[in-house]
Every structure is written in structure tokens, then in C-alpha cells.
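This report concerns only the one structure given below.
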Amino acid sequence: MATAQAAEPQTRTIVNDLVLHVATANGSGSQTSNMVLLRSLFQMGIPISGKNLFPSNIQGLPTWFTIRANKDGWIARKQDADIVVCMNPDTSDEDVETARKGAILIYEETLNLSDKRPDCIHYAVPFKKLIAEACPDVRLRKLVINMLYVGVCAQLFNFDMEEVRKAISTQLAGKQKAIDLNVPAVEFGYKWAAENLKKTDPYRVERMDANRGKIIIEGNAATALGLMFGGVSVVTWYPITPSSSLCEYLDEYLNKYRIKDGKRTFAVVQAEDEIAAVGMLAGAGWAGARAFTSTSGPGISLMNEIIGLAYFAEIPFVICNVARTGPSTGLPTRTMQGDLISLFYASHGDTKHIVVIPSTPKEAFEMGGEALNLAEEFQTPVFILSDLDLGMNYWMSDRFKYPTEPFRRGKVLNKEALDKLNGQWGRYRDVDGDGIAYRTYPGTDHPKAAYFTRGTGHTPDAAYSEKPEHWKSNMDRLARKFETAKTRVPKPEIHSNGHAAGLIYFGTTTEAVREALDALDRQHGLKLDLCRLRAFPFTQEVEDFLHSHERVYVVELNRDGQMRMTLNAELPRFAGKLRSVLHYDGMPLTADNVVQQVVSMEREK
């Protein structure tokens, strides 16, 4: 009988609190196996998260998948794994060497890793031998060998096998032959582990009821659903990691749900490059369509000229920036919040843009539709600031609510409204004092409806002008429009109990900050108030939060503290209160990182 080598005696049981890290090769089909593990835990009612770490190539290079399960709901990334499954011979030495002391190592027995880390618990499994027994067809073995470690993990850590089978059926829905192939492989691994491995580790999972009413979804899929329900009608895009799946999901959903009388009620165009994609957006937005594209940092750089045109000519469309690690090509498959300033002030000259910032899939869904509304209300480009961690990783989420409010199309004049104006209408006139002019859709049947959209200097009536007073007046109006946006963008989420110190955060730092706040209180006696930013421009609530605290930590995933820089620029009187908590190695934030930096600065205050 094969046995496990224990690093030291285990005297306690750890239930529903583990980090499982699987190392495989890209393109080996391990995603299905890993998702089965993730879904099984989720179906058992245990809070979970799943994070991919993959190379920017098609196949062959190492890839990792990390599952965190935690009974208290802490699902941010942790620095060290409790269980490491080594299925890639090319990285097994490194995977074992970098494991924490006391970690559980599961690996192919022919790798002979037992002597490398005597301070870890070893489970050597003859995967290559077992797959020959589990799958007689040689051609199919590489497709199911990863299911063996699913079975081994299920047995060792007490996964409910019925939930495992259900997870396979969910993950391979509509592919009965694949289901029939994979279920026996999992059961084979489970049976072998029960008969041959002596468990010496403390980890196990047990059924909970913490996930009632929740789903598992990627942020890109959630954003796509929000855009579809938000009435998007034109989608133009060019593939770029990590945003490509967003438009792929959107194309799939639109073709499934937005066909009327056998005809499409939308257009999806894959352009030749990012410049063409945003140019098509400008044309579609001008024509009255709800227009959208997704991209990442390098795409935003290419789109800047037309973004500036749309800002100045006042053409609505939405861009979702699923940020990755830059500058340059950077790390295309790592995460970062490094594009803040490039979105807030995109293009040359004086520009400021509306940006909504989701932190969860549910918010990504809601803000997809809201971004379309804001773009039309303010007749301007609106950005959704996402990142790879939210967009391409798997998150537990509350279910989405079906939108019931009508679309907000903004200040649009139809034929009847134009008749009542008796010709007194100018495309760029500020009639209401909010900076937002009125527009007509091209094709409106009225002699005053047609107008030029100008990216050059113009009068309030859209006539060309180089007069200084016309230029300054128009720029001042655009600034008033930005001030109006402060009252209509999503407000921050604030938890304030009168503490001296506050913490500002946004996007995918949320789970790590939430866990860090608990640790700061329990371990260090530090209590902080929280302000989660959800949009730019900053609302009055952000200003009030800064005013009411002696010092404020700003947590963000970039080197230069771009959110702090923006707060300094927009609200300079509070600059002396701000402290940066930074993380920028391409990996998602951990609670420990936040705790260490805040504690260090609190000691120095």
C-alpha cells in the first residue's frame, strides 16, 4: 500500500479552510478538472474562489489554478497553498521547492519528489499507471488523466462524490460522451486513493449552506450579460487578452436572445484593429446606436485619438477596459490596476471621462447597463474599468436582478419637439445649465434635425469657429457636464464608524481589503473606516470621507499610486492625508499584503 510521508504529527482537523493549487501544462484540458473541483465545493455550500494563472501562449507552457475554500467567506488570494497538486513534470521541482512548510504535495510517483521536502506531507500517486487501467483507449488518456487527481483529492479531503458527478455534468453539459468518459476516471482515482493512501494531513471539507442564492461566473460573462440587458445594439472589437472573452460571450448571448422574427436586432463586427473598432463605435454612437467595445491597456493607447473626438464632438459609446499588467506588452495574462489615469484623462488636450468601477460580477452586470445609460445621458464615451482578475477568474456572486427600468436615452429631440422649438435649437447649446446639450438622431424627419458633429472648434449651433470666446465657452460647458456627472455616477460604498483612519479601495482589491480589515482589528487592534470607490468623477461622498478622517490609506494595484494621484489632483486640499498601499507584481492582492503595509505606516504615524 502506498503511504503518505508526514512532516510532523497532525493533532487537529482543519475543516472548510484550505487553498488548493494545481500545476499543469497549458492546453492539457486541466481547466475542466479544476472547474469540477471548484463547482463541487461550491455545490457543497462552501464559499470559494478560483483563480487562473496561465501563460500568454496557446499551449505547452505551465499553467496553475488556485482554489480557495473558506467557511468564513474569505476568498481573496492567499500567498501560500495548503495543497499542491503537481501534474506538470517541467515545473514539479519548482512547485515542490516553493511550497510552504507543512504543505500537502500530490504528484506522479515516478517524479521521486519525496526526499526534496521532508517538511511537507507527500502523497505519491502512479497517475501514468492508473490512467492505463482507467482508460483502455490510448487516444483518450490525455483527455482524462487530470480527472484522476480530482478523484484523489475528493477522497483525501472528503468531497461529496455525488456533487463531483453533478459538477462534471454541469461542466460538460450537452457532451454525454465526455461525461461518460470522465466520471469513471474520477471514480477510479477516488477508489484507488481510498485503498492505497493513508491520510496524515488535517484538511477536510464538510457540507455547509453558505452559498444559497449564489452563482459562479466570470466577470467578463457578467459584463456581457449586463450590456445585453442594457440594450447594446452595436459591438465592434479586436481580440486582446484579457478582454476577448467579453465580446465572445456577448456575441453568443446576443445570437441566442436577441433574434426577432428570424433576424438579428444587433450587429457584431470584429474589426481589423483597435483603431477601426473605436472608429466604428463613433459612427454607431452618432447614429443613435448603443455601441460598445472591450479592450485592454494597449488597445486604449491606440484608441485615444477617436476617444478625444467623441469627447469633444459629444458622441456616446462604452468601452470596457479589462486591464492587464503594463506598460508595453507587459504581462498579458497577469492583473493590474495600471490604466486609471489613461482612462480618466484619455486623449490629448483637456479631457475628463466618466468611468464606472465594478468590484464583483453582480456589479459588472449592473454597471454594463448603467454605462450605456450614462453614455447617452452625457453624450460622451464612458469606460468600465475591469481587470484580468475580475474578468477571467471565477467568482461567487449574488444572482443578478432582471432590469426593469427603461433605458435612459438622455436629451434627444424628436420631430414633435423640434416643431415646438420653432427653429430655436443649437446642437451645443447649454439650455438647462448642466452642460448637457440636446441632440437629434440622424434621419429624424425635420429640416432642423440634421447637424454636423464637429471635432474642431464650433459655436453653440455647431458652426465652425476659431474664435477664442467660442472655444473657451465650449470647454467650460464640457467642464460643467463633468460636474453634473458627479451627481449621477454610482456612489461609493462607505462604512464609517468615526475612526481616525480610513481606507479607500476599488475593484478587485475588495476581497483582500475585507479580509485585511478583520485581521487588522483582531490581530492588531486597528480599526479603519472604509470607502469603496465605484466611479470617476468622485462624488461628494468621497470628499466627505476624506474630510472626516485624519489619514486615509489608498489601496491599489499599480506602482505609482494612480488613484492617490488622481485624488490629489481632483481634491488637492486632502493630499496630505493620503497614504499609498501598493501591490504591482501582476498577482491578485492578498490580505496579508494590506495588513503589513497598514500596520507599518500606523506605527510610523
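Of the peptides 302-313, 397-408, 283-294, 361-372, how do they stack up when ordered by the mean number of other Cβ atoms within 10 Å, highest first? Kindly include the intermediate steps, with their values, before the conclusion.
On the way: 302-313: 21.3, 397-408: 11.5, 283-294: 23.5, 361-372: 26.8.
Listed from highest to lowest mean packing, they are 361-372, 283-294, 302-313, 397-408.
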Fill in: region 471-528-region 164-238 distance, computed between alpha-carbon centres (Å)
34 Å
Response to the item:
Residue separation between residue 140 and residue 571 times 0.36 nm, minus their alpha-carbon distance, gives in nm 149.0 nm
Worksheet item: Considering the alpha-carbon set of region 493-604 alone, what are its Rg and its Dmax in angstrom?
Response: 12.9, 36
Discussion item. Let me see the P(r) profile for the chain: every Cα-Cα distance counted, bins of 20 Å, each bin given as a percent of all pairs.
Written reply: 19, 47, 27, 7, 0
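R0 = 60 Å: FRET efficiency of residue 408 with residue 116, Cβ-based, nearest 0.05? The partial results should precede the final answer.
On the way: r = 61 Å, r/R0 = 1.02.
Computed FRET efficiency for residue 408 and residue 116 comes out at 0.45.
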Item to complete: In nm, give the distance between the simple-model label positions of residue 463 and residue 550, each being 7 Å from the Cα along the Cα-to-Cβ direction.
Response: 6.2 nm
Practice prompt. Tell me the label-point distance for the pair residue 72, residue 15, using the 7 Å Cα-to-Cβ offset, in nm and rounded to one decimal.
Written response: 1.7 nm
Worksheet, complete the sentence: Expressed to one decimal in nm², the mean projection of the alpha carbon convex hull of region 244-309 is 4.9 nm²
Practice prompt. Measure of size requested: the Rg and Dmax of region 415-485, with Cα atoms as the atom set and Å as the unit; please supply both.
Written response: 12.7, 35
Discussion item. Could you tell me how far the Cα centroid of region 268-312 sits from the Cα centroid of region 319-360, in Å?
Written reply: 15 Å
Worksheet item: By per-residue mean of other Cβ atoms within 10 Å, what is the highest-first order of 273-280, 125-132?
Response: 273-280, 125-132
Discussion item. Can you say what percent of the DSSP beta bridges in region 217-398, counting only those with both residues inside, are antiparallel? Round to 5.
Written reply: 20 percent
Worksheet entry | Residues residue 480 and residue 212, FRET efficiency given R0 of 51 Å [Cβ-Cβ distance, rounded to 0.05] | 0.60
Discussion item. How many angstrom lie between the Cα centre of region 544-605 and the Cα centre of region 396-459?
Written reply: 40 Å
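If R₀ is 45 angstrom, what is the calculated FRET efficiency for the pair residue 80 and residue 259, using the beta carbon separation as r and rounding to 0.05? Please report the intermediate quantities before stating the final value.
Working: r = 49 Å, r/R0 = 1.09.
Approximately 0.35, to the nearest 0.05.
For the chain, give the magnitude of the charge dipole about the Cα centre (Cβ charges: +1 Lys/Arg, -1 Asp/Glu; no others), in debye to the nearest 20.
Values: 70 positive and 74 negative charges, 195 e Å.
Magnitude of the dipole: close to 940 debye.
Sort 105-113, 531-539 for me by packing, meaning the mean count of neighbouring Cβ atoms within 10 Å per residue, highest on top. All intermediate terms of the calculation are to be shown ahead of the outcome.
Values: 105-113: 19.0, 531-539: 22.7.
So the order, starting with the most tightly packed, is 531-539, 105-113.
Please give the contour-minus-distance gain from residue 204 to residue 499: 0.36 nm per residue of separation, less the Cα-Cα distance, rounded to one decimal in nm. Let's see the in-between values first.
Numbers: separation 295, 0.36 × 295 = 106.20 nm, distance 3.89 nm.
Gain on extension, residue 204 to residue 499, equals 102.3 nm.
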Worksheet, complete the sentence: Ordered by number, the trypsin sites (Lys or Arg not before Pro) in region 182-257 that occupy a DSSP loop and have at most 14 other Cβ atoms within 10 Å are 198, 207, 212
Item to complete: For n ≥ 4 DSSP H runs only, could you compute -39500 (n - 2.57) per run for the chain, divide by its residues and tell me the 222 nm figure to the nearest 500?
Response: -12000 deg cm²/dmol
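All of the numbers you see were taken from the coordinates with simple rules; none came from a lab. Since the model is a prediction, treat every value here as computed from it, not as a measurement. Cβ atoms come from the backbone with ideal geometry, glycine included; neighbour counts cover every protein chain shown.
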